[in-house]
Amino acid sequence: MQTKICGIDEQSLALAKQLLLQGEAVAFPTETVYGLGADARSDEAVEHIYSVKGRPQDNPLIVHVHRDFDLSKLVADESSYAEKLRKAFLPGPLTLVYKSLGKVSAKVSCGLDTLAIRVPSHAGAQAFLKYVDLPVAAPSANISKHVSPVSAQHVFYDLQGKIPLILDGGACSGGIESTVCDVTGPYPVVLRQGLVSREMIEEVAGRCDVYVPKAGEQVRSPGMKYKHYAPKCKTCLYDSPEEALSVFEKYRAQGMRAYALCESKFARLFPDGFALDLGETAEDMAARLYALLRQGEQVADVIIAIRPAARDGVMAGVLNRLNKACAGE
Ligand code: AMP
Ligand code: MG
């Protein structure tokens, strides 16, 4: 199969809709990462997403809809705090997990009685979702366990020959996957951290916890148990910049192509051209992390990352991705 990359216009949107209705999967941009979308109502289309990505069959998908889509067609029992969160953050990088009405393929939620809903703010995503006017099941548009794609070229690198169309909306501005928040209980619980932080949710809802799986318990968000976001080269992660520098020098002395991945303030410790610079703020780091991991894996034998010291707000989501990407050592 030939994979076309097209800008987002009337012609490519019409093609995308036609492909979706035939059960195909189409990649599209969002403000977080690129998604791989298919018709959420169709068992075959949803199965096709899992097979294209090589995704484990028990890792549920998020359903994407446009901003005017009537959510009461898909989900039930919206509590008052959930309504507040929806009005405060959607469209935007927050996924809400509701009780499902069972109107989409059961394969979307892998048998769970809940449904994860996302309304992306990206203009290209909105144009696509509005044009097709369907619930679109979409995971990130990468091969399972590889780094999520933040440009059409990243999607092409992973999925060329496997999908017919990539809608190209340029580089994603957010850079890490949406925050996933369960709103089925008495107060919100964050299942995956992201650009809408726990603190931001708490401010609107009065309380917000972050889910930590207990030993032996069935994980509430199955995706959490998998290694993720990993580049193809060796990786390691240090809290101490000095230790990272000495490891960098050790690898270099062995003739290995070592690169550092760190905040701007530590980049200057490394020789020119050998630091992948994450920037200064948590938002910078979220926006750059995946592009740098993908750049790094092309040039490095080993990426030596330095873990930022901050722990709260958006940094919690950045650290979660960095830890998972560099879980090798
Ligand atoms: P991805 O598609 O790779 O962005 O991953 C989607 C994330 O959303 C995974 O971590 C899933 O476990 C989580 N997710 C999707 N649907 C549900 C659901 N119904 N309940 C809990 N978590 C969900
Ligand atoms: Mg993913």
Kindly indicate whether residue 204 is over 20 Å from the mean Cα position of the chain (by Cα) and either touching a residue at least 24 places away in the same chain (Cβ under 8 Å) or within 16 Å of ligand 2 (Cβ to nearest atom) (or both).
yes
What about residue 246, is it within 19 Å of residue 294 (Cα to Cα), polar (S, T, N, Q) and surrounded by fewer than 17 Cβ atoms within 10 Å (Cβ to Cβ)?
no
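How about the stretch 275-303: which of its residues are closer than 17 Å to residue 231 by Cα and surrounded by fewer than 20 Cβ atoms within 10 Å (Cβ to Cβ)?
Across the stretch 275-303, the qualifying residues are 277, 288, 291, 295, 297, 298, 299, 301.
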Flag for residue 172 being assigned to a strand (DSSP E or B), within 16 Å of ligand 1 (Cβ to nearest atom) and either at pLDDT below 95 or under 18 Å from the mean Cα position of the chain (by Cα) (or both):
no
Looking only at the stretch 295-317, which residues are in contact (Cβ under 8 Å) with a residue 60 or more places away in the chain, part of a helix (DSSP H, G or I) and touching a Pro at 6+ places or on another chain (Cβ under 7 Å)?
296, 297
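Looking at the structure I just gave you, is residue 152 more than 13 Å from ligand 1 (Cβ to nearest atom), open to solvent by 10 Å² or more (accessible area, probe 1.4 Å) and not acidic (Asp, Glu)?
On the way: more than 13 Å from ligand 1 (Cβ to nearest atom): yes; open to solvent by 10 Å² or more (accessible area, probe 1.4 Å): no; not acidic (Asp, Glu): yes.
In short, no.
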Collect the residues in the stretch 13-29 that are crowded, with 21+ Cβ neighbours inside 10 Å and part of a helix (DSSP H, G or I), keeping them in residue-number order.
16, 20
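Within the stretch 129-144, restricting attention to residues that are in a loop (DSSP other than H, G, I, E, B) and out of contact with any Leu (no Cβ under 9 Å at 6 or more places or on another chain), which residue is nearest to ligand 1 (Cβ to nearest atom)?
Only one residue tops the list, namely 144.
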Go through the stretch 181-228 residue by residue and tally those that are hydrophobic (A, V, I, L, M, F, W, C), surrounded by 17 or more Cβ atoms within 10 Å (Cβ to Cβ) and within 13 Å of residue 316 (Cα to Cα).
5
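Are any of the residues in the stretch 74-81 in contact (Cβ under 8 Å) with a residue 60 or more places away in the chain, of a type in the set (Asp, Glu) and not in a loop (DSSP other than H, G, I, E, B)? Quick ask: steps written out before the conclusion?
Our first condition is that a residue be in contact (Cβ under 8 Å) with a residue 60 or more places away in the chain; within the stretch 74-81, this holds for 74, 77-79, 81.
Within this subset, residues satisfying the condition of being of a type in the set (Asp, Glu) are 77-78.
Remaining after also requiring not in a loop (DSSP other than H, G, I, E, B): none.
No, there is no match, as no residue in the stretch 74-81 is in contact (Cβ under 8 Å) with a residue 60 or more places away in the chain, of a type in the set (Asp, Glu) and not in a loop (DSSP other than H, G, I, E, B).
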Kindly provide the set of residues from the stretch 102-128 that are outside any loop (DSSP other than H, G, I, E, B), within 12 Å of ligand 1 (Cβ to nearest atom) and open to solvent by less than 10 Å² (accessible area, probe 1.4 Å), ordered by number.
115, 117, 118
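The values are calculated or read from the model by the stated rules, or taken from the named source; none is laboratory data. No experiment lies behind these values; they were computed from the predicted model shown. As a convention, Cβ positions derive from the backbone with ideal geometry for all residues, glycine included, and neighbour counts pool all protein chains shown. When the accessible area is computed, the model is the full protein with side chains, heavy atoms only, and any ligands, DNA or RNA have been set aside. Shrake-Rupley method; radii C 1.70, N 1.55, O 1.52, S 1.80 Å.
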